[in-house]
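Quick notes on the structure that follows.
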């Protein structure tokens, strides 16, 4: 049981490291808080909550993998290296793609509610 608790502690340490060290992670955290508030405000349904939560989780996972890749590449290749740069770019591209998908899902979920609220 102690080893499982230590595993969770290490995982939380990794998440906290990413939040402290990565400005994009902090941006995603702020966006998450705003989306959660909007979901509460607009009383989104269970299916919409599931979609929003899956998107939030996916973006955070992508950002955490990106941070892990960056740290590993910096360890293996501390000097400038074209291939190392490409690895970082591809990992960042994965975050961008998932973030764009999350944005589209957010627009699909919230746009009708915002329009109904305004008009």
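Quick notes on this structure:
- Calculated diffusion of the chain, Stokes-Einstein form, Kirkwood radius summed over Cα pairs, 37 °C and 0.692 mPa s, µm²/s: 202
- Short-range pairs are left out: with C-alpha atoms under 8 Å and at least six residues apart, the relative contact order of the stretch 38-119 is 43 percent.
- Rounded tilt (10° steps) of 2-21 against the dominant C-alpha axis of the chain: 80
- Whole-number D in µm²/s for the stretch 1-64 (Stokes-Einstein; Kirkwood sum over Cα pairs; 4 °C, 1.567 mPa s): 98
- The stretch 97-117 versus the stretch 32-84: alpha-carbon centroid distance in Å: 16
- Helix 82-118 and the long axis of the chain differ in direction by around 10°, with both axes built from C-alpha atoms.
- Neighbour counts of other Cβ atoms within 10 Å put 27, 8, 110 in the fewest-to-most order 8, 27, 110.
- Rounded to the nearest 10 degrees, the inclination of helix 23-41 to the longest alpha-carbon principal axis of the chain is 20 degrees.
- Listing 44, 108 from fewest to most neighbouring C-beta atoms within 10 Å gives 108, 44.
The numbers here are math on the coordinates, done by the rules we state, and not lab data. Nothing here was measured: the structure is a model prediction, and the numbers come from that model. Don't worry about glycine lacking a Cβ; one is built from the backbone with ideal geometry, like all the others, and counts go over all protein chains shown.
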